[in-house]
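Okay, structure first, notes after.
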């Protein structure tokens, strides 16, 4: 047995196998893409899956040290055709949804992937065949299947829950002031000085408000079942209603006005450090802190 020859051949095979596998994967992915591209009507969702396979194959080819301009060009062309087919599918769904809302006397604005009905926003992910309702940047639903009836039913539920939410601004502002004041006291006692400009992080204040609203039953036996929830979209909606009402609260005979501080870029990048407060369906600002003055 010629060990040296065997080792040389094995080394050649080890070098060749990854390239062969990469080219085989690329050839298979191209064949599938070609079959789909040859159909009379382009089918967006199968094309999306085929594109993912093709892009994975291209990555393997490049990892094997093989550069193929024709493969790159074919992948780019198929990606563009796939995106065009997905866009067409999204626009068709959007047209159907608009017609369904208009039949109820409601107007749908925007264009895919973002549609607006009154102050609620629908984000469409046509590739995943899902859509999701938002109030500002707060998700109101989980991703929903692209069913016209299901999406409209979810809209009706969220419209009632959010847009028709009872305005209890006096109670909300009193609770918000107490949460802010409690945190102000705690931080002052801990550090020996008041926070700069009497500003407290808005998300931290929201969390404190939630804790303050818990009843004795929770504190006696803390559990999911005894916890009184106050969901973040409700908090955002209450902020909007409070601002529209003037955002002032009377404490011990003195009037205080709620002030929100616009978030810095680093705060705006984190939902744990800022809150998007909508001024319209798509407009608004990230706010990072709160004070009363």
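The values are calculated or read from the model by the stated rules, or taken from the named source; none is laboratory data. Everything numeric in this text was worked out from a predicted model, so none of it was measured. So basically every Cβ, Gly included, is an ideal-geometry build from the backbone, and we count neighbours across all protein chains shown.
Some points to look at:
- Looking across 60, 36, 23, 30, one residue alone is within 27 Å of residue 148 (Cβ to Cβ) and in contact with a helix residue (DSSP H, G or I) (Cβ under 9 Å, 6 or more places away or on another chain). It is 36.
- Picking from residues in segment 133-157 that are out of contact with any helix residue (DSSP H, G or I) (no Cβ under 7 Å at 6 or more places or on another chain), part of a strand (DSSP E or B) and at pLDDT 95 or above, the one that is nearest to residue 91 (Cα to Cα) is 134.
- The set of residues in segment 128-151 being more than 21 Å from residue 234 (Cα to Cα) and in contact (Cβ under 8 Å) with a residue 40 or more places away in the chain consists of 129, 146, 148.
- Per-region count, segment 108-119, residues out of contact with any strand residue (DSSP E or B) (no Cβ under 6 Å at 6 or more places or on another chain) and not in a strand (DSSP E or B): 2
- The set of residues in segment 131-142 that are surrounded by 15 or more Cβ atoms within 10 Å (Cβ to Cβ) and in contact with a strand residue (DSSP E or B) (Cβ under 7 Å, 6 or more places away or on another chain) comprises 131, 132, 133, 134, 135, 136, 137, 140, 141.
- A single entry from 70, 77, 85, 64 fulfils the requirement of being in the same structural domain as residue 34 (by TED's automatic domain parsing), closer than 30 Å to residue 27 by Cα and modelled with pLDDT of 90 or more: 77.
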